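Presented below is the structure to which this report refers.
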Amino acid sequence: MDFDGGDEVRFEHMGAAGVITMTRPQALNALNHRMVKAMSAALHHWEREANVALVVIKGEGRAFSAGGDLMAIYNGRENPPIEFFADEYRLNRQIERFRKPYIALIDGIVMGGGVGVSFHGSHRVLTENAQFAMPEVGIGFFPDVGGSHLLPDLADNFGMYLGLTGTRVKWGDALWSGLATHPVKSENLGALLEMLARNGEAEGVLRNFFTMPPRETPRDVWEKIDTWFGETSLHGIFAALEKNAGNTQADSLLATMRTKSPTSMRVTFHEIAQGLSRSMEDCMRMEFRIVSRMLAGHDFYEGIRAAIVDKGSKPHWKPGSIKEVSDSDVEAYFAPLPGGDLTF
């Protein structure tokens, strides 16, 4: 089947399943505009097709999808790709509202845009090879693609922790926090896909493959994370960690957070706090306001430069400290757009 995905995303009708396979393994299946539009077209088509009972999405190679195509964004900084983000956010909302089972088979790295095309679906299957992260604050950005809808719902303030630190988690923590719905051994994914396509039913099939993984984060550390990241302000989180100076976990988290973009940190805290009481659609409108401002700013491009263009160099954030980012600076990211909000 062809929905104009070219050689970057493949669409197949297998039995009762519509199957999406991202086919950019050399780029860790990073999403671009063509892939986003093709996926949206496929979902529109398959939602109406009576002989498609469910949709499965997966990636080729060692990554499910490591995010969006950051170099394309960096190279287009003179003419920011705002329409890419608009269509990507519409796709995220489309997946969240998809009326049939939408099953993501995550067998490797899943970050950024990859999270947006997987974790808003009904079933999130993670293997022992899966690594989830929303590391955007480290490149002067923020957890978008519905991060403001996904992260606040995680147990024990785990979403705030993930958003502010960019920590990678595996299938055990993903299950216990609520990110994953079904842990499945990597070696069983082929048989799982075959059975889904044959039966056209998700719950019963997935139950047969469920494997219970252990938590990767010890319970005592988990409880500390819940306490520290349950503070009512970003300054409160920093203060809570600083009060525990000498604690290995607290010291490590402080060191990590102090390398992130101060603006991104403040915006991300506010975004996650706001997302708790918003619908997916309202979250996407909020995120579109934020991304429109960040594409016109400094830190996002500086973060890409440091991480990808000049690999491993130190970013120079503007402003350089959290104390220099005022409440009014943060509020400006969330203000209505002069040209109007994202439409669906």
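Nothing in this text is a laboratory measurement; each read-out follows from the coordinates by a stated rule. These numbers were taken from a predicted model, which means no experiment stands behind them. Please note: Cβ atoms are built from the backbone with ideal geometry, for glycine as well, and neighbour counts cover all protein chains shown.
Annotation: the residues TRP228, TRP171, sorted from fewest to most other C-beta atoms within 10 Å of their own C-beta, follow the order TRP228, TRP171. Label-to-label distance, GLU12 versus ASP341, with points set 7 angstrom from Cα along the beta-carbon direction: 4.1 nm.
Cβ crowding within 10 Å, taken as a proxy for footprinting-reagent exposure, orders ASP153, ASP107 from fewest neighbours to most as ASP153, ASP107.
Of interest is the spacing of the C-alpha centroids, which for the stretch 185-209 and the stretch 259-276 amounts to 38 Å. Normalised by residue count, the stretch 119-161 yields a Cα convex hull volume of 95 Å³ per residue.
Taking other C-beta atoms within 10 Å as the exposure proxy, LYS318, LYS260, LYS170 rank LYS318, LYS170, LYS260 from fewest upward. Treating each Cα of the chain as an identical point scatterer and ignoring solvent, apply the Debye formula and state log10 I(q)/I(0) at q = 0.09, 0.10, 0.12, 0.14 Å⁻¹. The computed values of log10 I(q)/I(0) come out as -0.47, -0.58, -0.84, -1.14. Maximal additional length on extending the HIS45-ARG198 stretch stands at 53.1 nm, based on 0.36 nm per residue less the C-alpha distance. A Förster radius of 41 Å combined with the Cβ-Cβ distance from GLU223 to LYS314 puts the calculated FRET efficiency at roughly 0.75. Averaged over residues, the count of other Cβ atoms within 10 Å places the peptides 185-195, 269-279 in the sequence 269-279, 185-195, highest first.
Counted over the stretch 237-344 with a bin width of 10 Å, the fraction of Cα pairs per bin, in whole percents, is 13, 36, 34, 15, 2.
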